[in-house]
């Protein structure tokens, strides 16, 4: 099962780099959905690695995660880009090539910190903490380095994916209520951001976050 978790985490790292270098919003949404689906199956791998039988709790968490991150969130975001008539992230604060280079730096930092971070128990995979940290840092970087509000929403989802991966693989047993609470928070945030993007575009005919400073009195 550890090899399965390693493969999933390697796939998550690839999606992070893809998002850092992508300009097309549609492709970015699909990649974020793929990342969410990959991480959605991590509880199955974690349960198998611990030698326990699959419980209704684990199956419910997997189903909720895959449905929200793989289907519902992308649908809301695609609706947002259709209404805003925006297809690309143009002139980000940090260029795409530079973003990829910085992504390598973030991965190296995550590997350095993740292998030394003390944990309450042995993680499912040696890549669990480094990739979770790399995903969180990638999400934060997308939030602060992109102009389009929708790309910043994707950054928030990537950040949440990293937190989810860390909780499932590294922290260990987490109450079901907490796990579903994280998913619910992500759903509410994406829903609210989708409404905000629609209103921003309706009022200003764009969704560039840096131009919202005109709202200040």
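The values are calculated or read from the model by the stated rules, or taken from the named source; none is laboratory data. In this text the structure is predicted, and so the values were computed from the model without any measurement. FYI the Cβ positions are ideal-geometry reconstructions off the backbone, even for glycines, and counts take in every protein chain you see.
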- Item | Odd one out for residue 145, checked against (1) modelled with pLDDT of 85 or more; (2) farther than 22 Å from residue 77 by Cβ | (2)
- Note on the structure: Of the conditions (1) within 23 Å of residue 67 (Cβ to Cβ); (2) at pLDDT 80 or above, the single one that residue 185 does not satisfy is (2)
- Among helices (runs of 4 or more DSSP H) entirely inside region 1-61, those with 3 or more residues being under 30 Å from residue 83 (Cβ atoms) and at pLDDT 85 or above are 2-21, 25-40
- Filter region 62-111 for residues that are crowded, with 18+ Cβ neighbours inside 10 Å and outside any helix (DSSP H, G or I); the one that is modelled with the highest pLDDT is 86
